[in-house]
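> I have a structure I would like to understand better, so I am pasting it below and will then ask my questions one at a time.
Readers should treat all values here as calculations from the given coordinates under stated rules, not as data from a laboratory. Not measured: the values here are computed from a predicted model. Cβ: placed from backbone, ideal geometry, glycine included. Neighbour counts: every protein chain shown.
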Amino acid sequence: MAPEEICKLLTTEFTDAIVKTVVEGAHPYVQVSPDRWPDVARFLCDDSRLGMNLLRSISALDLLSDDRLACVYDLMRIVVDRPDVLITETHEFAIRVETDRNEPVIPSVADVWPAADWHEREAYDLMGIRFTDHPDLRRILCPDDWEGYPLRKDYEFPLEYHGIPATTEYELPNPRH
Amino acid sequence: MSIDRVNQLSSTCVRRRFALAPALLVLGVTLLCGTRAMASSGGEVVTTAAEPGSLLEVVLFYAVATMTIVSSVAVCMSKNIVRMALWLFMTLASVSFLYFLLAANFLASIQLVVYAGGTLVLLVFGVMLTNKSPWARYTPGKLELVGAAAVCSVLLVALWLVFLRAEWSRLPGAFAGTSVADLGRSLLSVYVVPFEVAGVLLMIVMVGAAHLARQDK
Amino acid sequence: MTQFSVPWQPRPAHPYGMASRAVIALAQSVYGFAAPIVSRFPGAILISAVIATCVGVWMHSVLFGWVDTQLIQAAVTLPDYTPPALSLLSPSTWGLTPSVIHALRVDETVAASVAGLLDYVLWPVQFWIVRDVVGLGALFGLFNVIPVYVIWWERKVAGRIQSRLGPMRVGGWHGWAQSPADGIKLILKEDLVPAGADGPLFRLAPYLTIIPSLLAFLALPFGATYVLRELDVALVFILGVLGAEVVGVILAGWASNNKWSVYGAMREACQMISYEIPMGMALLVPVICVGTLSLSGIADVQQGGWFSWIAFSNPFCFAAFVCYFIASLASLKRAPFDLPEAESELVAGFVTEYSGFRWSLFFFAEYAAMFVICAIASIVFLGGWHSPLPASWGGGLGDGLLARGLTGLLFSGPIWLMFKSVFLLYVQLWLRWTLPRIRIDQVLYSCIQVLLPLTMVLVFGATVWTWASTGHNALWSTVEAATRIILGSIGLVFIGGFIAIAGYGFYHRRRMVGNLVQDVMPGS
Amino acid sequence: MTMADTVLESAPDLLVDTDRVEQGDLRTEEMLVNMGPQHPSTHGVLRVVLRTDGEMVLEAIPHIGYLHRCAEKIGESLAPYQYIPYTDRMDYLAGMNNNQAFAIAVERLCGLEVPARAQAIRVVFAEFNRIASHLVSLGTYGLDMGAFTPFLYCFREREMILDLFEAACGARLTYSYITVGGIHEDLPAGWVERCLEFLDYFEPKIDDYNNLLSFNHIFVKRTAGVGVVSVDEAIAYGLTGPPLRGSGIRWDLRKVLPYDGYEMYDFDVPIARSGGTDEIPHGVVVGDCWSRYYVRVLEMTQSVRIMRQALANLPDGDTEAKKIKNLKLPDDEVYVGIENPRGQLGFYVRGDGSTIPSRVKARGPSFCNLSITTPLCRNVMLADVPAIIGSIDVVMGEVDR
Amino acid sequence: MTIGVTHFLVVGAVMFCCGLYTMSTKRNAIGILIGVELVLNSSALNLVAFDRYMGAGRLDGQIMALFIIVLAAAEAALAVGICINVYRNLATVDVDKATQLRG
């Protein structure tokens, strides 16, 4: 399925949910409003025409100038009807979900794709997006008591963590090293 | 290696002087058990390690008896169950040394195999499987302690007195050397019924233990 | 620059007492004297030490023998000899005084010039306690040397198996001094007892492991007369003390306050109580065939060369040998049964928290026990100290010193026991560096459901076989002889195949690694 | 303080739920055990908290992040050329493939054309690195199972590969050889011949590994039927690479979405088959640890095949696209996935018209493959945990980035 | 000064009393088991001593001691099994708490 067809299919199925469609360029995607996102996700995964059963990646973006945060879900189809035969038929597509930067909430899709579990935790950890209904939303890469969300554009690197000097690049008020 | 290093090394070795304890123990056991082989074949051999009546026997007896008594007292004084098991191991080992002193070599070895190697490991296994923590204490009441101590010490004193007053007649066959072959022969002739009963008992125990440890009930 | 302080307190310097200072001074002077020499002639010193050891053992045996036959036997047969009163120093029957000794050896012309002195030199040798101490000293030496060199050898074997070299530097020739150097390092390491560990038990556990394996050497015969204690139940005794080794391991695991250690201890306990039984049963098979528990007695019946070894005497013993070897691997916690210290699962199992000297004690115990187990296998199944050549062939040699030496070398002597044990040790190492580790449930399955029934059948079969051979039936004797020849030939094929494969590998050792490594690749 | 307290302190996020133990089991003491971050078989600094009952592991929860180095944040402050060395350090066992993934992402974003020779050399090095990485995987998996020797055999061959890498790019681990627009430097003289010689030497060695490890009875007993991943589960958890193919799905990005001219080469995509067929030992179930392991062995043969084809038809020409100084990234975004030895390595790169990307996101295969640990390690033996984690073959540098 | 049967009997008596004390004061079921082992051992020691000093060449004492060892091993196997069962059901091995007959 070409990206245009996927866009068309989605717009006909979810007229109210689609905010924007981008078909040109290297990375075609549609933007979905956060409140309808779980339905769209379920449709993407279960629909026999689409069957986007592989969640490849969730990339969290910080759109500082728009005061928005976004998640880009890269999806792909693996045809599993006859697993022992090499099937090169596939299609890939992306979904973008934007949310407010100050109150970033996106519904979780971990029940649709279990793979989203860790990706969403990572987005929560590094970008601070809260995923509602996530089974176990904890920080994943940073320590549990880390402050701030490192991948945000306005993130300021802490000078120390539990008394451990955290950087050698900035000048410290009381140089330790 | 610098001279400082040698200094350090030799001082460490000096600090490790307790490592010599095993050597002493092994010397003790050497004196206790077995027959000495002559360097030249066909030479005269002594039947037991420490002949009855020799000073060596006295020294060894008192050493091993002290070990037995100390460790068995330690068993009942220990609070920690793992330490109790360790002291029990010490007691069992020294009882086996006492068997050596009594020229019951087979029994001594069997004691080591079955008790120290088997039963004790089973006990420790049980401890590990059933303990939340080795330090979990099941403290008995004060009264209980005093009562038990009183009963035991009275019993001990009484037994002691009886032993001292008793006249043990020495029968003519004492100190006859025993061999494993004799033991085996009498097990299969005079004692064949108890032997078979013991076999049946072990069988029953095996079935029972398997039933107890069964996973699905 | 701020100093980061270490989170632990440095230990206070240990104040040395008088004795310690003397020892230190002695060690320093010895080191100052010996270090230049050792560093210059390492190989020569190694070789001469080996030769000196052999000569020392031989001399001591000759001396004891001479005293026994020339002095003691002569003295007790003297008409006017009365045994002296018992005392601690003379626990034996003969209290020969120097004057008696002098009287006994007047016919010796050689030593006449040193007259009185020799009497006093020979005097202590008659006491058993002196001999015991000398023998124990030798055993301690052996007990130290065996693990050290088995470890070195294991590293070399592992290196060869893994197409690398193993230790090559320390000491010169093939890193022969690597293990002693490691030992020194281990002794020097800091003495650590983890916080929260049960201190006394933690310190005690290594000793509880090493004492049993030391005790096993007491009753282990190395040759017809080379045994410290001739026990009529030597086999059970050695099994018993080696079985008691497990207590130390369990305590070590328990006292470490580390969960991986507890796992190691539990696994060891599990494995031990299950594998002791098939191991004992497998040993029972030859015991039934021979009818004695004494190791010397078992070895004595195998004098007649290759085909009279017990392993080839009947099919049950042959199978029992294999069962025993497998079960002994498990009881020694060697691969593929090294679950108690499985490094990929339990970090290091029961030795996780140990370091330095205490850690090395565990490994001394393990390697010494390995040797003992292999020696028992050689004594019980593989003819003990008898060579594959029948001892009767040496009958024509006479009784001279040279003839004795030749007999020891060719037909029956400790060297053959050593050789066989070391070969079995090699098989253990070989297995360890080839096989993956099995899982605990598979260990228990293979023990309880495979080996145990199998050994039971073997014991029963051996009983029937022995019962059949007591009848002196001519037909049965033929069957027996045929069995011996068939099984012996199978054994010969095994050994021949081993030698052939080893020789092939040695001859093609360059090709095995690949010429590319040596000739072509950049950086080689 | 008891041991349980100590662990609870170090793993406060894990509550012991004693009621969840199955009734009727030999219930003894439930214990929380920290496997890692320093543990011989967690392949780096993975920490798995095990809830165990004796030898049974009731639950295993991986905790990651001990090697987090803000690789994505760094990507937002460096030009793509400068970022190439950072990609080496993600999956440090397959540096070439990481370079390639990032380079292709930037090339697609900027519309750069890579010369044919550079593409062919990229394929050679990507496959060569796949072999090297699988060798480490094989060896360490043997190590996890307690077999030490295959590890050194594998490393012996890997050393030779690294020698060849060193000859080409001067580095043995962090190559930065494949770069944006092509490759960094053409091959040195005589390299192709040596490489072919190595391949001749290497191919029979695969049989050695099989004899020594793959078909070893104990090894099969340890790994066959352990940690079975079904097809649906594999896709749902986003498994890719050998774990996916080990579940029996013939799916490979090199075939499905070819890049760098993979469509020109003839090769198979090996998948797992159940035991008893052909040379596969009895007891093997599709999707178990042994299948995942054996897929890697088979892939090495295919990599050799691809390399032979690529080396035989190495085109002449440039090895780098026409150099663009201060490569400007358009205000666009791209997601490119390639087949890394461990699975699908994806880079999401977003430009904003300047020379520096505004977002670089790496989708690591190990990260996704590791997420199946918890469902796999439920009610297994303790010794199976290293078997399962080892068969997933994670590189923590790329999980934590 | 020679060692006679009395010496061994005294050692046995001390062991016996220690075992008795252990049995009566410990509440941990395995602790009680350890006490039982002590008592059994003391009696075995007495038997072997009698056998040695007044055995008249027969092996009655040693054989009895052998049976005691067998019995002790059997008893330990069963008792540990029971302890584990009790622990499985009651989560404790305190014998005072194991008051039900229900399994």
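> Can you list the HN-Hα couplings for the stretch C:130-145, worked out from phi with the Karplus curve (6.51, -1.76, 1.60; θ = phi - 60°), rounded to whole Hz and with x for Gly and Pro?
5, 4, 4, 5, 4, x, 5, x, 4, 5, 4, x, 4, 4, 7, 6
> Test of understanding: what is the full-extension gain from residue A:11 to residue A:153, defined as 0.36 nm times their sequence separation minus their Cα-Cα distance?
Extra length available between residue A:11 and residue A:153 comes to 47.9 nm.
> Let me ask something else. Once R0 is set to 41 Å, what does the formula 1/(1 + (r/R0)^6) return for the Cβ-Cβ distance between residue C:392 and residue C:45, expressed as a FRET efficiency to the nearest 0.05?
So the FRET efficiency works out to roughly 0.50.
> Could I have the simple spin-label model distance between residue A:22 and residue D:113, label points 7 Å from Cα toward Cβ, reported in nm to one decimal?
Those two pseudo-labels are separated by 2.6 nm.
> How high is the FRET efficiency from residue D:301 to residue C:322, r the C-beta distance, R0 45 Å, rounded to 0.05?
0.75
> If you don't mind, another one. Using +1 at the Cβ of each Lys and Arg and -1 at the Cβ of each Asp and Glu in chain A, identify which of A:54, A:128, A:162 lies farthest towards the dipole's positive end.
Sorting the options by dipole projection puts first A:54.
> Where does each of C:41, D:128 land when they are ranked from fewest to most other beta-carbon atoms within 10 angstrom?
Ascending Cβ contact count within 10 Å gives the list C:41, D:128.
> A further question follows. Helix A:3-13 sits at what angle to the longest principal axis of chain A, using alpha carbons and giving 0 to 90 degrees rounded to 10?
That helix lies at roughly 80 degrees to the long axis.
> Right, another one. Mean-square fluctuation check for chain D, GNM, Cα pairs under 10 Å: which of D:105, D:272, D:171 is largest?
Highest fluctuation of the listed residues: D:171.
> What is the set of long-range amide H partners of residue C:338 at a cut-off below 5 Å, with H atoms built 1.01 Å from backbone N?
C:438
> Would you mind ranking A:136, D:53, D:316 by Cβ crowding within 10 Å, fewest neighbours first?
Lowest count first: D:316, A:136, D:53.
> Using C-alpha positions alone, give me the convex hull volume of chain D per residue in cubic angstrom.
145
> Once you place label points 7 Å from the Cα toward the Cβ at residue C:165 and residue D:318, how far apart are they in nm?
Taking the two extended label points, one gets 4.9 nm.
> Got a sec? Which residues in the stretch D:197-231 would a label at residue D:282 touch, if it sits 7 Å along Cα→Cβ and we count backbone N under 14 Å?
Counting only backbone N, you get D:217, D:221.
> Evaluated at 20 °C with a viscosity of 1.002 mPa s, what Stokes-Einstein diffusion coefficient in µm²/s does the stretch A:3-142 have when Rh comes from the Kirkwood expression over alpha-carbon pairs?
138
> Return the loop-located trypsin sites (Lys or Arg not before Pro) in the stretch C:171-257 (DSSP other than H, G, I, E, B) with at most 15 other Cβ atoms within 10 Å of their own Cβ; answer none if there are none.
Within the stretch C:171-257, the qualifying trypsin sites (Lys or Arg not before Pro) (loop, at most 15 other Cβ atoms within 10 Å) are C:189.
> Need one value for B:206-213: mean number of C-beta atoms belonging to other chains within 10 Å of its residues' C-beta atoms.
The per-residue average across the peptide is 5.
> Near the amide H of residue A:21, under 5 Å away, which other amide H atoms are found, from residues 5 or more places off or on another chain, if H is placed in the peptide plane?
Excluding prolines and chain starts, which carry no amide H, the hits are A:31.
> What nm value, rounded to one decimal, do you get for the distance between residue B:200 and residue C:35 when each label is placed 7 Å out toward the C-beta?
Calculated label separation equals 7.6 nm.
> Using 1/(1 + (r/R0)^6) with R0 = 22 angstrom and r between the beta carbons of residue C:504 and residue D:210, what's the FRET efficiency to the nearest 0.05?
Using R0 = 22 Å, I get an efficiency of 0.60.
> Fewest to most neighbouring Cβ within 10 Å: what's the order for A:162, A:119?
By the 10 Å Cβ count, ascending: A:162, A:119.
> Taking each pair of different alpha-carbon atoms in the stretch E:5-90 once, compute 1/r for the pair, average those values, and report the inverse of that mean as the Kirkwood hydrodynamic radius in Å to one decimal.
13.9
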